[in-house]
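Below is a structure I'd like to ask you about.
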Amino acid sequence: MEFDYIELIKSGDPILRNRAAFALGKRGLSDDRTVEALLEALKDMEWRVRSNAAKAIARIEPRDPMIFDYIVNIIGDDHEGVRIDTFSWIAIMLNSGFVCDKNQIKSVVSYYYDF
């Protein structure tokens with residue numbers, strides 16, 4: 001049985017949303033519908049959902065400049081767990097061969113030193 005994780009990520013149950021974000025990252029599909037659902041999940045009220053959405057996006061599109069910008073923008077998240085996970089995934093993206101400009105690196109470093 002195939003679950004529709006994109007529908008589950010919109011569930012009223014935070015546990016289901018969290019598991020759906022994680023599963024979407026594991027599936028590794030980079031279709032527009034998946035990426036849009038994960039980008040929306042970056043705004044979720046539950047920190048674990050935001051964290052797993054960031055991980056999933058970094059796994060799926062590690063070299064996409066737009067995705068990098070979304071990931072960088074959540075470094076300022078209120079929850080420490082999301083911030084730590086985000087830094088980890090930025091490092092993975094950079095190590096995967098992602099090339100970014102100096103301004104993107106400056107924004108990552110400035111977030112790091114602000115916390």
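Take region 1-36 and flag every residue that is farther than 12 Å from K55 by Cα, within 14 Å of the chain's Cα centre (by Cα) and polar (S, T, N, Q).
Scanning region 1-36 gives S30, T34.
Sort through I60, I71 and tell me the only one that's modelled with pLDDT under 85 and surrounded by fewer than 21 Cβ atoms within 10 Å (Cβ to Cβ).
Answer to the selection: I60.
So which pairs qualify, if the first residue must be in region 65-94 and under 17 Å from F22 (Cβ atoms), the second must be among the hydroxyl-bearing types (S, T, Y), the Cβ gap must be under 7 Å, and the two must be at least 6 apart or on different chains?
Pairs that qualify, where the first residue is under 17 Å from F22 (Cβ atoms) and the partner is among the hydroxyl-bearing types (S, T, Y), are I71/T86; I74/T86; G81/S51; V82/S51; D85/S51.
The values are calculated or read from the model by the stated rules, or taken from the named source; none is laboratory data. No experiment lies behind these values; they were computed from the predicted model shown. Every residue, glycine as well, gets a Cβ built from its backbone with ideal geometry; the counts of neighbours run over all protein chains shown.
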